[in-house]
Every structure is written in structure tokens, then in C-alpha cells.
Amino acid sequence: MTDTSLYFSHISDLLDFLNLPKINTSHFSNSFPFFVSRHFAGKIEKGNKEDPLLKEILPSNEESIIHPSFSKDPVGDFSSVKEPGILQKYEGRALIITHGTCSLHCRFCFRRNYIHSEKRISLDVLNHWLKKNLNIREIILSGGDPLLLEETFFEKLIQTILSHSHIQTIRLHSRIPVTLPEIFLNPEKRFFKILKQIPQKIKGVFVSHVNHPNELDSESAFIFQELHSQGFTLLNQSVLLKGVNHSSNTLAKLSEKLFHQGVLPYYLHLLDKAQGITHFEVDEHEAIQIYQALLKKLPGYLVPKLVREIPGELSKTPLGQNFSF
Ligand SMILES: *Cc1c(COP(=O)(O)O)cnc(C)c1O
Ligand code: SF4
């Protein structure tokens, strides 16, 4: 059930809200439906059909383009599944697909072809797997968005992980600070209290997903401030997206605004080539040019690592490191 006070799930309602003309949606596939939180939509400039945030969430006809080098599983997730919902590709850390629900459907999502299932991680399966895998030091909670889990279950999940003494770090990957701050700000919600248990016992890392400076607002600043004061390390990952942030000026502004809110840029991902998202691709040559320009604009600590995920590699692969100005 979708709470219509928090979300738009019909394109025509969003376009009305933005004072934009209706579009013909009859060719859009239903496999990854339109969905966006009202909070995120509120940051789109009214009347501007070129708004970068609008491009992140508005379906387009280009999604039906089939391209041979774009696939349903671009980063080899299927072959890294250890148990249902548990992915391990890299040494010492495992990623949990906690469930498949998001606060918005980013059109460029690399999990777009299999996300939005209701199924959530089984605590028994996780517990059992952690008991057997004593070399795992860090658990990454991803999804879907882990902060959209039902609170009681989320708390049990955190406590299950904390009960394994070999786990030294819990990392959350979430878009909530810029998409659905209500999750934190509603006085009936307990997410701050639950999260606090992490840095009280082990290391807590919070990795937000923000692609454009306009996504950051006073609500995100408040949430980051609170998480920082709880002892979380705050990082951000972005995807390099044509029409959204493919310019060194936009990326520099993003880094500066993140820093202003207490967050350091971590990764700038080249697009993972999921079927249906060719129109967001910035090719590697152009990406490196943008990156070199970014390096000249910012102090080193505000430059994210430009990376690509190559299936089968034992880490994300850095790009743009060897060049001459
Ligand atoms: C990207 C990713 C990670 C995290 O990699 P870091 O370099 O540690 O940020 C971990 N597990 C999986 C499966 C990933 O795709
Ligand atoms: S929030 Fe993340 S997982 Fe969800 S649709 Fe956006 S990119 Fe995909």
C-alpha cells in the first residue's frame, strides 16, 4: 500500500504538480513503474521539463531501447549471491539486499530489472551465514532502502548483526536523507534511536546516494548533523548521469554542498549498464575529461573516486588516475 500523502505513483499527478504538460505514457513498460516521494518532487523546479532531478525520476521512451552491451544483471550480482539476500564480491565485506522497496524509482537504477519485490532478508539465514563466515568484518545494508524496513524488523536486523563479535562495521546505503526525511523527522519514528545503537558498539558508516546539489536541503542537513553527532562516518556516492550531473561545475557544487552538510564524497560511479538506461550513459572518455576538470576545481578531499564496477573484479575499478594535464 502506498501512502499518497508521501508519494506520487501516477505520472500525470506529478506533471500537474509541476505545471508541466501531460505526456504520452502508453509506450512505457510496467516492469519498473514510475514512483517518487513528494519530498523529492518538491525540489524539482516547476515548469522546467529539463530539470536534472526530474530526469532522474521521469520515465522516457528511451527506456525501451535494447542495447547489446546493456544487460539485466550488469554487475554480476546474480553470481555473487551466497544466500538469498546476501551478496559477497569483496574480501571481508558482504552486502545485504535487505528488501526491494525504494522511496523513489531512479530511472538509471542498475537493479531496476529486479528491484521492487516485497521479499526481505531472513534473519535466520543471516544469523546462520554470519556464524559460518568469521572473515566478514563489515556488513553493508543496501536494498532497496534499508530505512524503509518496518522499524521493529530493522531493529532486530541491527541487533542480529551486532551480536556477532567479528563484525566491526555496519554500513548503510540509503537515499532517505534527500528523498524521504519524514522517516527520521516524524516524532513517532524511532530510526535515530535504533541507528544510535551501532556507533555505541562498533563503527557506523552512512553512505548517502545524492547525484545533484539541488537534492540537498535543510532536512538532509539536519539528518546528517544528527547522524554525525551519533558517531557515524558520513560518505556519499553518486552516479555520473548524462543530463543530470555530467559537468565538472555541477559535481564541484555537489561536493562542496555535501561537505557543508558534513558529508565527504566517496564514489562517483560510471553507469552500470542495465537494460533500458542507455540514455544516461556518459562514455568513459568524456567521464575522464570531466573528472580531470573536477580535480582542478576542488581540494583533494572533496574529489570522489571515479570508479567502474567490472563483474568478477575484486574491488571497484578506479579510473582517471593515470593522465597528464
Ligand atoms: C560496491 C559493493 C561493495 C562495496 O564496495 P566498497 O569498495 O567497500 O565500497 C560491497 N559489496 C558489493 C556486492 C558491492 O557491489
Ligand atoms: S534508491 Fe537506489 S536502489 Fe532504489 S531505485 Fe534509486 S538507485 Fe535503485
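The values are calculated or read from the model by the stated rules, or taken from the named source; none is laboratory data. Note that this is a predicted model, so its numbers are computed, not measured. A quick note on method: Cβ atoms are made from the backbone with ideal geometry, for glycine too, and the neighbour counts reach across all protein chains shown. For accessibility, only protein heavy atoms count, side chains too; no ligands or nucleic acids. Shrake-Rupley method; radii C 1.70, N 1.55, O 1.52, S 1.80 Å.
Brief remarks follow.
- Considering the range 64-101, the residues that are open to solvent by 30 Å² or more (accessible area, probe 1.4 Å) and under 30 Å from Ser5 (Cα atoms) include one that is farthest from ligand 1 (Cβ to nearest atom), namely Thr101.
- Where strands (runs of 3 or more DSSP E) fall wholly inside the range 53-166, the ranges with 1 or more residues that are in contact with a strand residue (DSSP E or B) (Cβ under 6 Å, 6 or more places away or on another chain) and among the basic types (Lys, Arg) are 81-83, 93-97.
- Filter result for Lys132 (more than 28 Å from Pro33 (Cα to Cα), charged (D, E, K, R) and either within 22 Å of the chain's Cα centre (by Cα) or at pLDDT 95 or above (or both)): yes
- Complete set of residues in the range 147-191 that are closer than 22 Å to Lys203 by Cβ and either in contact with a Phe, Trp or Tyr (Cβ under 7 Å, 6 or more places away or on another chain) or within 16 Å of ligand 2 (Cβ to nearest atom) (or both): Leu147, Leu149, Arg171, Leu172, His173, Ser174, Arg175, Ile176, Pro177, Phe184, Phe191
- Residues of the range 31-47 that are open to solvent by less than 40 Å² (accessible area, probe 1.4 Å) and either outside any helix (DSSP H, G or I) or of a type in the set (Val, Ile, Thr) (or both): Phe32, Phe34, Phe35, Val36, Ser37, Lys43, Ile44.
- Test result for Glu286, in a loop (DSSP other than H, G, I, E, B) and open to solvent by 20 Å² or more (accessible area, probe 1.4 Å): no
- All positions within the range 176-218 that are closer than 17 Å to Lys43 by Cα, in a helix (DSSP H, G or I) and hydrophobic (A, V, I, L, M, F, W, C): Ile176, Val178
- Of the criteria (1) open to solvent by 10 Å² or more (accessible area, probe 1.4 Å); (2) touching a Ser or Thr at 6+ places or on another chain (Cβ under 7 Å), which one Arg190 fails: (2)
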